[in-house]
Every structure is written in C-alpha cells, then in structure tokens.
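Colleague: Please find one structure pasted underneath; my questions will follow.
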C-alpha cells in the first residue's frame, strides 16, 4: 500500500503539471471506483493538488466541488502528456505500459489532450467528488497527519496511554494517527529503540518523545527519497520512476541481515497479520 511519503511524492509531482488545466471529460470505466457526477466537472480548472494523510485532494477554481482520491492497496495515478509520463502509487507494469490498461478505472482528459489515469488492480481504491466545505469540516475531526504541527508529544502520549495494543498497531491506525503505514512504522520503532509489540500504554514519556522524533524523521526521509517502490515484497523501479527509500530501509524487509547499528541479526515476526522487522539487541 502506498504510504504517506509515496502519496506526498505523487501529490508534488501532479501539483507541478495539473494546476491550471481544465477538464475536457472524465471517463468512468468502473462505476464503483468513482463517486459523483463527472459531467459537473467539465470545463473546471484545477487550482491546487493537496493531501491529507494518504488522501490526494484536487481543488478547482470557483466551485464548491472537489475530488478526493485514495489509492488503497494497489491504486496508481499516471499522468501522460505526449512523451512526458509521471507515475505514482502501487508500482506495476502499468506505470510504463500502454494506457488505458485492464486495470484503468477512471480517465481524466484535459483540454490540452493530456490525461490522468487512475488504475487499480484490486479495485479497493476510489475517486470521489465531495463538497469542499463539508469535507473540510469533516477532516477537522480526523486524526492529525504526522507532518502537521498538531501531531506533537502531547497528542501522541494521549493516544498511546489509552490502549494496551502493540505500539506498532497504534502507529498504523489511521483513525488515531494519519499517514503511517507498515514500512515507516517498522523503521520508526527501530530508530526509537522500541520493540514493535510493546504495549502502548507502557511507554515512558522519554520513549514517546523519542518515538515522535523517529516518526517524523523516517517520514521526512521517505519524502526526500520519493517514497519506497515495493510491490509484493520485491522492489520495483519502473523506468527510473520509483522512489528510493528502499535503499535506506533501517529494518523493514531486512530480516536475516545484519543490523547497521549493533551488527546483530534483524528478525521478523507478525503483528496484526503484517510482517514486522526488528533488532532484538537495539529494541527493548
């Protein structure tokens, strides 16, 4: 699943090429993948591409409608304009192959003939039209994004103190913390020297402070390197378009390898059904 750094990377890339473009038409190839009346967006001009946690936001000039996109497990956004191609999300051959593909669910065509394809192999992702004011009121009540100032020591402590669940599970709970997925939860806990199965409510204030710093550090590094290009536990770099964070994993997907800090063996266990990597020497 694309995580916050991957979503932020594609947001930045799309913001550079889509702002100012006007929609000529929107083709919905799978009805369940699109919510709303696409004809209402004909002729509308994009003003900015935003993001909240793992949701991409498309705002338009002069209207109260906006589009939100969640890539879920296998969603992709691929922009084509002549020979220019920008691809983000779950990396597969659709990043570089002829489009539309069998996995294309929605096609945005702009007045300059450029296109934005929403592909989704498993069809769990979605594109929705929503009222901007209603959406903004709703997101005020959602968990803070880990890149926002509201995500601070006080907030993290309040979330962790209320549950005995494994700390890794809490970090990945999007209703509590916006934007952290499996990759960055593994690496953040290693950086903070905290075992991923440790009870959240047992963490000391010092551990919470270290964890906050670690979360922000790995997310910032993930954004710096354009996210991680991983598919089916194998790294994929399609025509150089994938991110490079996988070259900087601290423990994620490094089971059996030497820890870069202590030289011990990185081990793997499962928490909540997800592969979890840790160093038994460094993490307590």
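The values are calculated or read from the model by the stated rules, or taken from the named source; none is laboratory data. Since this is a predicted model, take the numbers as computed values, not measurements. Note: ideal-geometry Cβ built from the backbone for every residue, glycine included; neighbour counts use all protein chains shown.
Colleague: When the residues of segment 268-284 are narrowed to those that are farther than 21 Å from residue 203 by Cβ and assigned to a strand (DSSP E or B), which ends up nearest to the chain's Cα centre (by Cα)?
Modeller: Looking at residues that are farther than 21 Å from residue 203 by Cβ and assigned to a strand (DSSP E or B), I get 275.
Colleague: Search segment 151-188 for residues being assigned to a helix (DSSP H, G or I) and in contact with a strand residue (DSSP E or B) (Cβ under 6 Å, 6 or more places away or on another chain), and hand back the single one that is modelled with the lowest pLDDT.
Modeller: Among them, the one singled out is 182.
Colleague: Now a separate question. Read through the list (1) at pLDDT 95 or above; (2) surrounded by 14 or more Cβ atoms within 10 Å (Cβ to Cβ), then give the number of the only condition that residue 230 fails.
Modeller: (1)
Colleague: Is there a residue being under 16 Å from residue 116 (Cβ atoms), touching a strand residue (DSSP E or B) at 6+ places or on another chain (Cβ under 9 Å), outside any strand (DSSP E or B) and touching a residue at least 60 places away in the same chain (Cβ under 8 Å) anywhere in segment 55-71?
Modeller: So far as segment 55-71 goes, yes, one or more of its residues are under 16 Å from residue 116 (Cβ atoms), touching a strand residue (DSSP E or B) at 6+ places or on another chain (Cβ under 9 Å), outside any strand (DSSP E or B) and touching a residue at least 60 places away in the same chain (Cβ under 8 Å).
Colleague: OK, next. Could you say which residue among 207, 217, 136 is out of contact with any helix residue (DSSP H, G or I) (no Cβ under 8 Å at 6 or more places or on another chain), in a helix (DSSP H, G or I) and modelled with pLDDT of 95 or more?
Modeller: 207
Colleague: Hey, residue 123 hits all of (1) surrounded by 13 or more Cβ atoms within 10 Å (Cβ to Cβ); (2) more than 23 Å from the chain's Cα centre (by Cα); (3) within 18 Å of residue 27 (Cβ to Cβ) but one; which does it fall short on?
Modeller: (2) is the only condition that residue 123 fails.
Colleague: Looking only at segment 19-34, which residues are touching a residue at least 24 places away in the same chain (Cβ under 8 Å) and in a helix (DSSP H, G or I)?
Modeller: 32, 33
Colleague: So, of the residues in segment 233-264 that are loosely packed, with under 14 Cβ neighbours inside 10 Å and part of a strand (DSSP E or B), which turns out to be modelled with the highest pLDDT?
Modeller: Here the residue is 258.
Colleague: A further question follows. Could you tell me how many of the residues in segment 79-109 are modelled with pLDDT under 95, outside any loop (DSSP other than H, G, I, E, B), out of contact with any helix residue (DSSP H, G or I) (no Cβ under 6 Å at 6 or more places or on another chain) and buried (at least 23 other Cβ atoms within 10 Å of the Cβ)?
Modeller: Total satisfying the criteria: 2.
Colleague: Still on this structure: Return only the number of the condition from (1) surrounded by fewer than 19 Cβ atoms within 10 Å (Cβ to Cβ); (2) touching a residue at least 12 places away in the same chain (Cβ under 8 Å); (3) in contact with a strand residue (DSSP E or B) (Cβ under 9 Å, 6 or more places away or on another chain) that residue 16 does not satisfy.
Modeller: Going through (1) surrounded by fewer than 19 Cβ atoms within 10 Å (Cβ to Cβ); (2) touching a residue at least 12 places away in the same chain (Cβ under 8 Å); (3) in contact with a strand residue (DSSP E or B) (Cβ under 9 Å, 6 or more places away or on another chain) one by one, residue 16 breaks only (2).
Residue-wise test of (1) outside the structural domain of residue 249 (by TED's automatic domain parsing); (2) in contact (Cβ under 8 Å) with a residue 24 or more places away in the chain.
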| residue | (1), (2) |
| --- | --- |
| 106 | yes, yes |
| 124 | yes, yes |
| 170 | no, yes |
| 182 | no, yes |
| 210 | no, no |
